[in-house]
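K.L.:
Please see the structure below; I have some questions.
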Amino acid sequence: MNSFEADLKRAIISPLFIVGVSVMLYIVNKMSINSDLFKISVPIIASMPYSTAWLKDKRSGYIKLYLVRINETSYILGKIMACAISSGLVIALPIWIYDNYLAEMKTESAYIIFFLVGALWGCISAVLAVWTNNSCVAYGGAFVVCYLLIILCERYLQNMYCIYPYEWMFPEKQWVFEESGRRLVLVGFIAVVMCIYYEMVRRRIKDV
């Protein structure tokens, strides 16, 4: 099993992933995906599965054992890819379960969009974890970033809807290429955040 597969398995079977799916499914079922509670919960729930994996490895000393067996690039990419996938799934999977098994009428939500939004917030949380060396900041930081972006877009940057978190999931503006345009923007943001994560962890590894 390579580094990515091991990290993804750890992320998917972690208690925090299961709790996150359960909480999000409850919110979707009781409040709907259009509720304010769902919107503000997304960055928090997305940060839960695997955003602090680097900190846990560093504090436990396991990172030294990992780096003996694999190179640092494989280690870092395994961490951030597993974080992105598990964070995307913890948001999209409950919506899919609701649409297919709990909804009174079968519906089709934009699962890929919700997956990408979750992946983005998970990656942002992972960057915050490395930057601050603090798990609490990682779990709550994405929500703070989301809230700041909402304030900026609603009060000062109304035309910059591409950075408005709610617009990603529930568009009110006319996007170029419509849903495909939103997907491209989110993929671009994720790629940038992943690059930042890679460089930050690469520098931190030198001090381990």
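K.L.:
Looking at the stretch 59-79 only, could you name the residues that are within 18 Å of LEU8 (Cα to Cα) and surrounded by 12 or more Cβ atoms within 10 Å (Cβ to Cβ)?
P.N.:
Matches in the stretch 59-79: ILE63, TYR66, LEU67, ILE70, GLU72, SER74, TYR75, ILE76, LEU77, GLY78, LYS79.
K.L.:
Take the residues of the stretch 158-196 that are among the aromatic types (Phe, Trp, Tyr) and part of a helix (DSSP H, G or I): which is farthest from ASP36 (Cα to Cα)?
P.N.:
Of everything passing the filter in the stretch 158-196, PHE189 is farthest from ASP36 (Cα to Cα).
K.L.:
Answer yes or no: is there a residue in the stretch 104-114 that is at negative phi and touching a Leu at 6+ places or on another chain (Cβ under 8 Å).
P.N.:
Yes, the stretch 104-114 contains at least one residue that is at negative phi and touching a Leu at 6+ places or on another chain (Cβ under 8 Å).
K.L.:
Looking only at the stretch 164-186, which residues are surrounded by 14 or more Cβ atoms within 10 Å (Cβ to Cβ) and among the β-branched types (Val, Ile, Thr)?
P.N.:
VAL185
K.L.:
Follow-up question, since we're still on this one. Residue under question is CYS123, and the condition is that it be more than 21 Å from ARG183 (Cβ to Cβ), under 17 Å from the mean Cα position of the chain (by Cα) and either at pLDDT 90 or above or not in a loop (DSSP other than H, G, I, E, B) (or both); does it hold?
P.N.:
No: the conditions fail for CYS123.
K.L.:
Restricting attention to the stretch 137-157, does a residue exist that is free of Cβ contacts under 8 Å to residues at least 24 places away in the same chain, among the small types (Gly, Ala, Ser) and either within 21 Å of VAL90 (Cα to Cα) or part of a helix (DSSP H, G or I) (or both)?
P.N.:
no
K.L.:
Right, something else. Please specify each residue of the stretch 45-81 satisfying the condition of being free of Cβ contacts under 8 Å to residues at least 12 places away in the same chain, at negative phi and either hydrophobic (A, V, I, L, M, F, W, C) or part of a loop (DSSP other than H, G, I, E, B) (or both).
P.N.:
Within the stretch 45-81, LEU65, VAL68, ASN71 qualify.
K.L.:
If you don't mind, another one. I'd like to know if the stretch 107-115 contains one or more residues that are free of Cβ contacts under 8 Å to residues at least 12 places away in the same chain and in a loop (DSSP other than H, G, I, E, B).
P.N.:
Taking every residue of the stretch 107-115 in turn, at least one turns out to be free of Cβ contacts under 8 Å to residues at least 12 places away in the same chain and in a loop (DSSP other than H, G, I, E, B).
Quick grid of which residues meet (1) in a loop (DSSP other than H, G, I, E, B); (2) in contact with a His (Cβ under 6 Å, 6 or more places away or on another chain); (3) charged (D, E, K, R); (4) surrounded by fewer than 24 Cβ atoms within 10 Å (Cβ to Cβ):
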residue: TYR26; (1), (2), (3), (4): no, no, no, yes
residue: LYS39; (1), (2), (3), (4): no, no, yes, yes
residue: GLU104; (1), (2), (3), (4): yes, no, yes, yes
residue: ALA119; (1), (2), (3), (4): no, no, no, no
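The values are calculated or read from the model by the stated rules, or taken from the named source; none is laboratory data. Note that the structure is predicted; figures quoted are calculated from it, not measured. For neighbour counting, all protein chains shown are included, and Cβ atoms are generated from backbone atoms with ideal geometry for every residue, glycine included.
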